[in-house]
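Student: What follows is a structure written as structure tokens; I'll ask about it next.
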Protein chains: 2
Amino acid sequence: MDAIDLRLIDLLRDNARSSYAELARQVGLSAPAVHERVGKLETAGTIRAYRAEVEPETIGLGVTALIGIIEDSGADTDDVLAALRVMPEIESCHFMAGVESYQLTVRVGTIAELEQLIVRINRTPGVASTRTAIALSTKWENRPQPGREVA
Amino acid sequence: MDAIDLRLIDLLRDNARSSYAELARQVGLSAPAVHERVGKLETAGTIRAYRAEVEPETIGLGVTALIGIIEDSGADTDDVLAALRVMPEIESCHFMAGVESYQLTVRVGTIAELEQLIVRINRTPGVASTRTAIALSTKWENRPQPGREVA
DNA sequence: TCAAGCCATGGACGCCATCGACCTGCGCCT
DNA sequence: AGGCGCAGGTCGATGGCGTCCATGGCTTGA
């Protein structure tokens, strides 16, 4: 993981569909060299995936909300997590420090669906209560930040 | 925006580097047809970008936190937003319903950097107070959910 | 019913991904 | 100190792919 790898990562975070030839031009290496470097970054798990980022409204997911989960005292966190994992509406799931053990980002089509999702989460064994905040608008999302050499 | 477009979007959200030929095979069309459809989805703004998803720790961004912002009564929301926008550590920014006007997802290298970021946000004119929660671990992030026909 | 426009098809061409062979610089072992 | 081995690079070739174009069918609207 040197400066060129970081540069490749930044380029791919900006446009994951760049050709190897294009990447090679940008970093001043040959295309096969870039190909090998990117391949190693992929198998090392540094690059997890390449995703198209889509306007959520256009695919019927116009409602975004953040949900905090407070667990029962004595709840099995793994069970709660497993229950959350099978809900496709949960886009992101962070395990947090603080009263609320989990913070979820969820995406649904309508407020009615959000209501159903909240009910389902509240019914999950181990969940004591939830706190939901609805996003009125998304100013930006997943904005890439230049990487740094890890100390 | 028909069923095939949705299918293409789902495929590209799963792997943004699929070749057009591969996409064409999956949806049962010719490569040029797929090329044209994807091009239209891009110019229509449905597909916003193609991004490589990276393990944050490996690029020196091991600390993730969520920050809620409460604005001063009478604060100019646009000014606050403009101030937030120039902070590269803020990965996502949602304008929320509720007491906290903004919910941020931030990514920094160390707790010390997080502290500095919080101070900077609190000093921003229009910001009354903030509430920060640190993510101990990320269970998953940006998990794509199959799109639906928009009603 | 007819016309027009949109979209998929298939072919052609040039670029790109990818493989193999060779080279070079560095670290290590003798 | 010198030689060996390896990691990682360039170069060249080839096969597949992206991309443009002309053609033809289907659907829509008058």
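None of the figures in this text is laboratory data; all of them are computed from the coordinates on show. Only a predicted model underlies this, so the values are computations on that prediction, with no experimental measurement involved. A quick note on method: Cβ atoms are made from the backbone with ideal geometry, for glycine too, and the neighbour counts reach across all protein chains shown.
Student: Using only Cα atoms and rounding to the nearest 10 degrees, what angle (0 to 90) does helix A:111-123 make with the longest principal axis of chain A?
Tutor: It is inclined by approximately 70 degrees.
Student: Label-to-label distances across copies for B:ASP2, with labels 7 Å out along Cα→Cβ, in nm, shortest first?
Tutor: Spelled out, the distances from B:ASP2's label point are 5.2 nm.
Student: Sticking with this structure for a sec: Between beta-carbons, use under 12 Å as the cut-off and find the net charge around A:TYR20, counting Lys and Arg +1, Asp and Glu -1.
Tutor: Around A:TYR20, the charge tally is +2.
Student: Give me a single rounded figure for A:92-100: the average over its residues of other chain Cβ atoms within 10 Å of their Cβ.
Tutor: For peptide A:92-100, the averaged partner shielding equals 6.
Student: Give the nm distances, rounded to one decimal, from B:LEU136 to the matching residue in every other copy, measuring between label points 7 Å along Cα toward the beta carbon; shortest first.
Tutor: Values, ascending and in nm: 3.4.
Student: Using a 7 Å offset from Cα along the direction of the beta-carbon, what are the separations from A:ARG123 to the same position in each other copy, nm, ascending?
Tutor: 5.1
Student: Given Cα pairs under 8 Å that are at least 6 residues apart, what percent is the relative contact order of chain B? Let's see the in-between values first.
Tutor: On the way: 170 pairs, mean separation 42.4, N = 151.
This gives 28 percent for chain B.
Student: Looking at chain A as a GNM with Cα springs under 10 Å, which of A:LEU117, A:LEU104, A:LEU29 has the largest mean-square fluctuation?
Tutor: A:LEU29
Student: Residue-wise, which Karplus ³J(HN,Hα) couplings in Hz belong to segment B:97-105, taking 6.51 cos²θ - 1.76 cosθ + 1.60, θ = phi - 60°, and x for glycine or proline?
Tutor: 7, x, 5, 8, 5, 10, 10, 10, 10
Student: To the nearest 20 debye, what is the magnitude of the charge dipole of chain A about its Cα centre, counting +1 on the Cβ of each Lys and Arg and -1 on the Cβ of each Asp and Glu?
Tutor: It works out to roughly 400 debye.
Student: May I pose another question? Using only Cα atoms, find the angle between the long axis of helix B:31-43 and the longest principal axis of chain B, and express it within 0 to 90 degrees, rounded to the nearest 10.
Tutor: With rounding to tens, the tilt is 30 degrees.
Student: Using Cα springs under 10 Å in a Gaussian network model of chain A, which residue among A:THR46, A:THR105, A:THR124 shows the largest mean-square fluctuation?
Tutor: Of A:THR46, A:THR105, A:THR124, the Gaussian network model singles out A:THR46 as fluctuating most.
Student: Let me ask something else about it. Which order, highest average first, do A:88-101, A:56-69, B:75-88 follow once you tally other Cβ atoms within 10 Å for each residue and take the mean per peptide?
Tutor: A:56-69, A:88-101, B:75-88
Student: What is the residue of chain A with the smallest Cβ distance to the axis taking A onto B, and what is that distance in whole Å?
Tutor: So the chain A residue sitting closest to the axis is A:ALA16, 2.
Student: Other chains' Cβ within 10 Å of B:14-21 residues: what's the mean?
Tutor: Other-chain Cβ atoms within 10 Å of each residue's Cβ, averaged: 4.
Student: Just checking the output field for A:59-72: average partner chain Cβ neighbours within 10 Å of each residue's Cβ? Kindly include the intermediate steps, with their values, before the conclusion.
Tutor: Values: counts 14, 9, 5, 2, 0, 2, 3, 8, 0, 2, 0, 0, 0, 0.
For this peptide, the per-residue mean of nearby foreign Cβ atoms is 3.
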